[in-house]
1. What single numbered condition from (1) within 21 Å of Asp330 (Cβ to Cβ); (2) at pLDDT 95 or above; (3) basic (Lys, Arg); (4) not in a strand (DSSP E or B) fails to hold for Lys58?
2. Take Asp292 and decide whether it is acidic (Asp, Glu), at pLDDT below 95 and over 14 Å from the mean Cα position of the chain (by Cα).
3. Looking at (1) touching an Asp or Glu at 6+ places or on another chain (Cβ under 6 Å); (2) not in a strand (DSSP E or B), which is the one condition that is false for Thr166?
4. Would you point out the residue of the range 127-163, among those that are more than 25 Å from Glu199 (Cα to Cα) and part of a loop (DSSP other than H, G, I, E, B), that is nearest to the chain's Cα centre (by Cα)?
5. What number of residues in the range 219-244 are among the hydroxyl-bearing types (Ser, Thr, Tyr), in contact with a Lys or Arg (Cβ under 6 Å, 6 or more places away or on another chain) and under 23 Å from Glu202 (Cα atoms)?
6. Considering only the range 98-110, state which residues are closer than 25 Å to His57 by Cβ and surrounded by 21 or more Cβ atoms within 10 Å (Cβ to Cβ).
7. Would you call Tyr212 within 20 Å of the chain's Cα centre (by Cα), within 17 Å of Tyr168 (Cβ to Cβ) and either crowded, with 16+ Cβ neighbours inside 10 Å or not basic (Lys, Arg) (or both)?
8. Cβ-Cβ below 7 Å, separation at least six or inter-chain, first residue in the range 75-96 and crowded, with 21+ Cβ neighbours inside 10 Å, second not in a strand (DSSP E or B) and not aliphatic (A, V, I, L, M): which pairs?
Amino acid sequence: MKKTILLLSLIAIFSSCTKQSSDDVLINGFDDHYNEENAPQSSFIGQIEVIPLTSEHKSVVLTNPQKIVSYENRFYILDNNRLFCYGPSGKFIRFIGERGHGHGEYINIATFVVSDHTIRLLDSFKNTLIAFTTDGDFISETDAPEGILSNVADAVFETDDLLFMTNYIYNDQNEIYTRWNISTGEVSVVDKTPVKTNETKESVGKHACCNYNGNIRYILPFSDRIKSTNGQTIRFQTAKKVLTDSDLQRVTDFSIMTYAEHLDDFVGFNNIFETSNYILLTFSDMEYTVVDKKSNTCFRSNYKYDEHPASFPLLNILSSKEDTLIGMIDMEYHRNLKSKIQSYMNTPCDMESGYVLILYHTK
C-alpha cells in the first residue's frame with residue numbers, strides 16, 4: 001500500500017512538472033539562424049532616426065551613459081552619477097537633483113524610474129527614494145526598508161506602488177529580483193540564482209528586466225528561460241548544454257569570466273528589451289538574439305561590425321519604448337559611421353564628437 005501511495009505521488013509530481021514545462025512558449029531557431037553580420041534593416045528594423053545630444057554649457061558632458069528613459073518627448077539619461085534631461089531634438093534642458101547630504105539631495109544614484117509625471121532616484125548610499133517632478137522640482141524623500149537598496153542595480157515600476165528591482169549578486173546574497181511595496185514597506189523575493197560571488201558585486205546585466213504593457217520579463221544567469229510577472233515563460237530550443245541548478249551551485253566566484261568558461265554551453269543573456277512584435281536579448285557586446293513574438297522564432301546576429309558596415313548596425317541598446325529600441329553611441333569612437341549617421345538625422349549637423357541617440361523603429 002505504501003509503495004502504491006509513493007508511486008502515485010511520484011506520478012502526480014511528474015505530471016505537475018510536465019504540465020509546467022508544456023506551458024512554456026518554445027522559441028525555435030536559436031541554433032540554426034545565426035548571422036555573422038549586424039544588419040538590422042534587413043531583418044526587423046523598419047526606420048532609423050538619429051538625434052544628436054547638444055548643450056550650450058561646457059559642464060554638460062556625457063562620459064558613460066548607463067540608462068535611458070524616454071518619457072513624454074524627453075530623454076532622461078543616467079551618466080556618471082548625474083541625471084541629464086534632454087528635449088525631443090536632443091538639446092540639454094537640465095540636471096535632475098543635486099548631489100549632497102542634505103534632504104532631497106543624493107549621494108549615489110544606483111538607478112532611476114519615471115512614471116506618473118514623477119522621477120524617482122534610488123540612492124543606494126542613503127537608502128532612500130527621492131522624488132522629483134519631470135521638470136526637476138523636488139517632491140519628497142522616502143527612507144527604504146533597511147539595506148534593500150544597497151545592492152540595487154536597476155528598477156522598473158510594476159504598478160503605481162510596486163517597485164520591481166534587479167539586484168547585484170554579492171557572495172551568497174543572490175536574490176536577483178525583489179519587489180518593494182512603497183506604500184506598505186513590504187519587500188518580497190521574486191527570483192534568485194544558485195550562483196555566488198567571491199567578495200565582488202556582479203550584475204546579471206545592465207538591463208536584466210523590462211516592462212512592456214505592465215508585464216515584466218526578466219532573465220537569470222545561464223538560463224534558457226525568460227520569465228515574466230504574468231506567469232508566462234518563454235524557453236529556447238537548443239542543442240547546447242543548459243547548465244542545471246546543480247551546475248550553478250558549484251559557481252562560487254561568479255563574474256564575466258564565468259561566461260568565458262562556458263562559451264560552448266548555453267550562456268543565456270545579459271539584457272532584455274521588448275516591443276510589440278519583438279524581444280531583443282543581448283549577450284555582452286558579442287551578439288544579440290531577436291525573438292519574433294508572432295511566430296515564436298528567433299535569429300541571432302553578431303553585435304560587432306567592421307570598419308565599413310554595409311548597413312547601419314544595431315548599437316549599444318539601452319532602452320525600449322513601444323515599438324522603438326533606443327541606442328546611444330559616442331561619435332568619437334564611431335567616426336566611420338559619420339556619413340551614414342548624417343542621412344538619418346532630422347536636422348543634419350557636422351558632429352565630430354559627442355553622443356547621439358539612435359531610435360530603431362521596429363517593423
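The values are calculated or read from the model by the stated rules, or taken from the named source; none is laboratory data. Predicted model, so just to flag it, every value in this text is computed and none were measured. Neighbour counts are summed over all protein chains in view; Cβ atoms, including those assigned to glycine, are modelled from backbone coordinates with ideal geometry.
1. Failed condition: (2).
2. Details: acidic (Asp, Glu): yes; at pLDDT below 95: no; over 14 Å from the mean Cα position of the chain (by Cα): yes.
Taking the combined requirement at face value, the residue does not satisfy it.
3. Unmet condition: (2).
4. So, considering only residues that are more than 25 Å from Glu199 (Cα to Cα) and part of a loop (DSSP other than H, G, I, E, B), the one nearest to the chain's Cα centre (by Cα) is Glu158.
5. First, pick out the residues of the range 219-244 that are among the hydroxyl-bearing types (Ser, Thr, Tyr): 223, 228-229, 233, 238, 244.
Checking which are in contact with a Lys or Arg (Cβ under 6 Å, 6 or more places away or on another chain) leaves us with 228, 233.
Adding the requirement that they be under 23 Å from Glu202 (Cα atoms) leaves 228.
Of the residues in that region, 1 qualify.
6. If the condition is that a residue be closer than 25 Å to His57 by Cβ and surrounded by 21 or more Cβ atoms within 10 Å (Cβ to Cβ), then Tyr106, Ile109 are the ones that fit.
7. Details: within 20 Å of the chain's Cα centre (by Cα): yes; within 17 Å of Tyr168 (Cβ to Cβ): no; either crowded, with 16+ Cβ neighbours inside 10 Å or not basic (Lys, Arg) (or both): yes.
When the stated conditions are applied, Tyr212 does not pass them.
8. Close Cβ pairs (under 7 Å, with a partner that is not in a strand (DSSP E or B) and not aliphatic (A, V, I, L, M)) amount to Leu83/Gly97; Ile96/Gly136.
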